[in-house]
Every structure is written in C-alpha cells, then in structure tokens.
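Everything on this sheet refers to the single structure shown next.
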Amino acid sequence: MSRQARQPGIVDPTRRGQAVAGWILASPFVVLFLVFTAGPVLASLGMSFTDMRSTDMRTPFAVQFVGLDNYVDLVQDPLFRKVTLNTLLYLVLGVPLTMGIALAVAVGLNGLSRSRGFFRVGFYLPVVTSIVAVSVVWKYILRDEGGLLNAALGWVGIDGPAWLDSTTTALPSLVVMAAWRNFGTLMVIFLAGLQTVPREQVEAAEVDGASGWSRFRFITLPALRPVLLFGAVITGIGYLQFFEEAFVMTKGGPLDSTRSVTFFTFDQFGYGNYGYAAAASYLLFLAIVLLTFFQFRLLRTKD
Amino acid sequence: MNRTTITLVGLATAASLAFTACGRSDDAGAGGEEQGEAITDGKATGTIEVWAMGTEGEKLGDFVEDFEDANPDATVKVTAVPWESAHDKISTAIAAGEGPDVSLIGTTWMGEFAEAGGLMPTPEGLVDEADYFPGAWQSTEVGGTSYGVPWYVETRVLFYRKDLAKKAGWSDAPTSWDDLKQFAKDLESKGGAKYGLNLQPGQTGSWQSYLPFAWTDGATLTNEEGTEYTIDSPEMAQALDYYTSYFDDGLSMTRTLDPGELESGFADGTFGSFISGPWHTGLVEEAGLDESDYAVAPLPGKDEGMGTSFVGGGDLAVFQDSDNPESAWKFVQWLSEPEVQQDFYDEVGDLPAVQAAWESGELSTDPQLKIFGEQLGQAQSPPAVPTWEQVAASIDGLVEQASRGDLSGEDAVKQMQSDAQSIGTGL
C-alpha cells in the first residue's frame, strides 16, 4: 500500500480493517481508562465549578453551577493563602535539602569500594518504613523534655525549643524529617547516574591536574544533568503534595503552621465541601504543571 | 468542520445541557419535615440488615438472638463496620441508595446524613422523647425533625487523684469555677502534681473540652430553631477566658499530649486532674491506678452545683431506602427498651441512652457510674447541622490561638461567629 494512494475522503480498506482491529484490541484498556481515570478526573473538574456538598450525594446534578466562584473564594481565603505559603516553604526548603543530601551520599557511596550495598540498603530503609512507625520515633527525638535532640543540644549547653510546638520550628523540623525519609530513592537514582559519568574524562582531567571539586563541578555535574532534572521534578511534585508527615506528626498545627495545600484539600473533603475541595486540588495541579515546566526549561540539556 | 471541532462542539453542548439540568430545588433536604407515620403493631418479619461499628458491631450479632426468638419470622443480619471507614461507607450507601435497613450513626454525623436525604424521620409514637437524656435526644433532631433514636451515650466528667487531693486539703470535688481553679492550684502547690488540671490547648476535638464551660456559663451555639449561630456572646467569651487562664497560670500543659501520656502522667502524679469520658476509667486503671486512688465528679457549675457537660455517643437510624422499614423500626424500638439497654450495657459496657435503664442493676449502685448518670442529666450535644465538623474545626483553631495568648476570649468568639456564619448551617 502506497502513501500516494491515500486521497482525502478515501480510506484504504486494509488500513481501516487494521484500525478496527487495533481499537478492538485496545478497547479493554480504553474502557478502563475512560471509566476509572479520565471519567473521575473530568467529573472532579466539573465539580470544581459547582457548589456541590456531601449532602448532595443523592442528587448530584441538582447543584448550582457557580462558575469560577470556588476559585475566587479560594484565593481570598486567608487559610488557603497560609497553606499555599507553607507549601512553598516546604518546596524551597525541602527540594534542595533532599537533593543535596542524596547527591552527597551518592557521591560518597560511589567512592566506596566495600560495603556499598550495606549502606545503600541502610539509607534506603526509611523510604520503605511505615510513616506511622517513623513518626513515633521522630516525635521522641523532637520532644521538648527528654527528647533526643534537645538532650544532645543540652550537652553543648544549648537549650533547645519544643520543636513541634513552636510555629517557627515545626515546619523546618518536618522538612528535615521528610528529607531523611525520602532521600533514599533519589540516592539510588543518582548512584545509577554516577555510573554513566565517562571515566576517561575524569581521568583526563585528573592528569591535567584538576582538583576534586573541579572534576565534580565541571564533569560529574554536567553529566548528571538529566538525572538531576528527573530528581528535581519528582521531588518537587512530592513536596508540593506534602501531607503524610504533617498529618501524623502535627495534625497541621501549631496554629496551622504545618498545614499544606493537600492537607487543606483533605480537610475540605472531610467537611463535605466537594466543590471547594476539587477547586483547591486543581489549583495545586496547575502549580505542579507550572513547576515541572520551569524545571524542564531550567535544567534541560543545552544544545 | 474537522473532527476535533465537531468533538469539541459536541462536548460543549453536552456540558451545557448537563449544567442547565443543574440547580437546587428549595424543598430538598431536612428541616420542616413531618415525623414518619406510626408503625403498626405486630411482629417484625423478613431480613433486617444492620450496620454497627467498633465493639457494638462485634457484639451485636450474638445479642440479637433474643429479638429473633421473639420475632420468629425476622432475621437480623449484622455487619461490623470499622469506625475509620464508617463515614465514607454510609455516605456512599446513601448516594447509591443501597444501604442497610438500620445503622449506628455517630451523633455528629446526623445532620449531614439527614440533610442528604438518607435517613427516615422517626415514626410518630415509636419511643417517648422524655425517656431519654435530653442532650442525647437533641443529637437526633435536624432542623426540628428527629431522624433516629439515641442508642448509647457518653459524657465528660472530672477525674482527679484522690490521694493528691487529700494531701492538698480537699476531701470533696470542687463545685464552682473558683473552687476548681483553687483545687487545681492546691493540687500543684500542696498535692505535688506538676499540672493541676489538664485541659486541651486547641487542636482537633478541643471544642469538646471548651464548650462544656460555655454551656455551663449559659451560652448557646444556635438560636432556638437552629437556623442562626449565636456564638458571639459575653458568656462564650467569658468561658473561653476562664478556660485559657489555666494555661496562663501554668495549671495545664500548653502542648497537645501524645497518646498515652495523659494516663501515665495521671498515674505518676504529673497531672492532678483532667476532664474526660467513661473510657478513661479503664485506661487509667490499665496505667496502674486503683479505683481507690482516683475519683470522678460532675463538672462544677459556675457558682455552685453541677455544670453542663458534653454528651456524645451513637444513634440508631433507619435508611430512607430500606426495603423493610416497619421491621427495622421495630428492631430499633426493641433496642430502646430499658431492659435490653441494660443487657447491652452488661454485654458491651455502653452507657444506656434510656434513663430508666439506670434505675436498677450495676448502673444504679456503682458510685463511679452514678456520677456519669448524674452528669448525663445535664449535658448538651452540638447542633446537628451538616456543617458542624467544619464549624468545630474553626472553634478548635481559635481555642488554640486563645490558649497561646494570641487572642482575647472576646476576639476569639467574634471570629468563631463570623467563621460559622460564612460556613453556614448547610440546612
């Protein structure tokens, strides 16, 4: 079958047969996708333009269409502004910290010739540990009286604050905990990335007398660029959806200082404000799209 | 027109059609509905599907044998539902119209489920309202119509260490706000407790410890009809100032406690007293205290006598989509009989909502239980409106701000009022 034979309006019967067969074979997935993925996503988008509440469940179409009211209300809601600011703080504190630790550990492990596997498992362990179990331990570490951290600070004469009960230290404490809990995944990815750094270049630079830092800065880092981009994107998305740590450690307190946008959305769904909650989650979705877009622009390989 | 345009136009038409079909009708939902018609006499028949949560769900299955013996044509099928998933499960069932016939409903959910149109109004003459503790009955009424029957109740009382109180010179529990303050101070200075009276400094559920003080002061949350919030009142503000003074004076810990901390702290004398519900008798005894080491007492009134406490618990409701409503209500009626309520207490330990069940047996003789019984006579429940959880969360947040000294009582209750007003009752 030649391409030239295809005129507008005339469909090659073989091609059509193939297309039909293709759709039939793909239909199980297409149906599942439409019903369980696209359907709910579109329904929730539609919901964000209505004043739907949990009490409307029996008559989901008997709700008022309110246009962009939910979005306007959200932008004006002081609590939503606060949680947005908190989420941005999580993002700008959390991403560099997590990536920094992961990169440092990966580089360190890459230089090890023995017991690398042991350390890799050790550092990865927090990722697979239940957040509930972890939170109990961290609460003890961060406790005001008799906490591990404050006891350690006490030895050097510093009187540590009640980390989780102060509006200034609660959020950074959670960021540190989240970084500790999540850097393992990135570390594994970075370790794999480090294997791809061309040895010849490093050795050549060594022969030319480049210092360790210069080799890292001008050879390793550029070679890692795609891996770093990937890491930044998934970590950024993770921190924008920050929830678990705050949920188990502080319940969003004190005074909402650790409440994130996801937490806010969770609360609103709990209160039964379905329309409002859907609008909040679409704003977050938009923020994630924008962030990812800018990260791609910033870190993509320059030609 | 190419294909994409056609698809887009089609979608837009469908969407606009869907939206034109939208719009609320004014008569939807609860409020102003008549009570259901009285059920007929005679025995229950057919299958009655029942959902119950927690211990109730586990024990009810065997407990209903007596009902089945008395109603040979009826079968009761009990499904145990975990509390964590119960709210979602019930709301899904209501949305789909495929629920059980009867379910246990947490008192604070009544407003939401009744407003959603999922629950049937209680039939006329099924039970007598006067048989119940008034605060418990209040929890079934949404917009003036009752949508169920209280099953079991719980209320909050003062727990204190008897030995420490004695050391501090108190042989009886305090009976006024001034006394309570002095009591807490003495427990610290003379009794050796680190904190005299532990109260919750904000965070989830702190409204349950603050509102009893406000109710004791005579405050109300809504007007008589339950249509307008009346939170901004001098009584509310005064009660909040009194509540937060415990944090200012160092009588209560200013941070939220970790699970288990209260019980172990009470046992080792860190906390001289606290306010909580009946489940704490078991917990403090597990923590190593003997029944002779501690005592419970009704909440003190403002100037004298007994204060007003919070009443919670569970209600029984019949679903609008029940296939067997007559028999379902008969089952509810049976569970409300004083003897059955008493038996259920013996079996599960739930405090009966029917007052007559307290007149004999262990409930009338045990000194601790008698205190709970007394307090239940003077206890209130929050307004049964669908938006209550959200209003409560705002109160929690403002109690926290006031406890930290960021807001005066007066400003805090003003803010509670304006939050509650903008949230609305949802009816």
| remark: Whole-Å distance linking the alpha carbon centroid of segment B:107-129 with that of segment B:204-255 is 28 Å
| task | Read phi for every residue in segment B:140-146 and hand back ³J(HN,Hα) as whole Hz from Karplus 6.51 cos²θ - 1.76 cosθ + 1.60, θ = phi - 60°, with x for Gly and Pro. | result | 8, 8, 10, x, x, 10, 8
| task | Would you pull out the residues with amide H under 5 Å of residue B:379's amide H, same chain only if 5 or more places away, H placed 1.01 Å from N? | result | B:135, B:309
| request: Would you pull out the residues with amide H under 5 Å of residue B:49's amide H, same chain only if 5 or more places away, H placed 1.01 Å from N? | output: B:77, B:101, B:102
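Expected output is a single nm value to one decimal: the length gained when fully extending between residue A:225 and residue A:64, i.e. 0.36 nm times separation in residues minus the C-alpha distance. What is it?
Numbers: separation 161, 0.36 × 161 = 57.96 nm, distance 4.90 nm.
Here the segment from residue A:225 to residue A:64 would lengthen by 53.1 nm.
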| note | Here the membrane-span-like helices of chain B, with no claim about any membrane, defined by DSSP H, Cα axial extent at least 24 Å and mean Kyte-Doolittle at least 0.0, are B:3-20
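Count charges around residue A:109 for me, please; just the other residues with Cβ under 10 Å from its Cβ, Lys/Arg as +1, Asp/Glu as -1. Could you put the intermediate results ahead of the total?
Details: positive: A:116, A:120; negative: none.
Net charge in that neighbourhood comes out at +2.
Would you compute, from DSSP H runs of 4+ residues alone, the mean residue ellipticity of the protein assembly as shown at 222 nm, taking -39500 (n - 2.57) per run and dividing by the full residue count, rounded to the nearest 500?
On the way: 32 runs with 392 residues, N = 730.
Rounded to the nearest 500, it is -17000 deg cm²/dmol.
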| query | Where in segment A:34-49 does the label zone of residue A:293 land, with the point 7 angstrom along Cα→C-beta and an amide N cut-off under 13 Å? | reply | none
| Of B:340, B:100, B:71, whose Cα points farthest to the positive end of the dipole of the protein assembly as shown (charges on the beta-carbon: +1 Lys, Arg; -1 Asp, Glu; origin at the Cα centre)? | B:100
| request: Please list the helices of chain A that count as membrane-span-like by this rule: a mean Kyte-Doolittle hydropathy of at least 1.0 together with Cα atoms stretching 30 Å or more along the helix axis, each helix being a complete DSSP H run. | output: A:78-111, A:170-195, A:274-299
| Cβ-based charge dipole, the protein assembly as shown, positive-most Cα from A:290, B:325, A:40 | A:290
| said: If I build a Gaussian network model for chain B, linking alpha-carbon pairs within less than 10 angstrom, which residue out of B:54, B:307, B:191 has the largest mean-square fluctuation? | reply: B:54
| task | Rounded to whole Hz and in sequence order, give me ³J(HN,Hα) for segment B:114-123 from the Karplus expression 6.51 cos²θ - 1.76 cosθ + 1.60, θ = phi - 60°, writing x for Gly and Pro. | result | 5, 5, 5, x, x, 10, 8, x, 4, x
| Over what distance in Å are the Cα centres of segment B:314-341 and segment A:272-303 separated? | 50 Å
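Values quoted throughout were computed directly from the atomic coordinates according to the rules given, and no laboratory measurement underlies them. Just so you know, these numbers come straight off a predicted model, no measurement behind them. Note: ideal-geometry Cβ built from the backbone for every residue, glycine included; neighbour counts use all protein chains shown.
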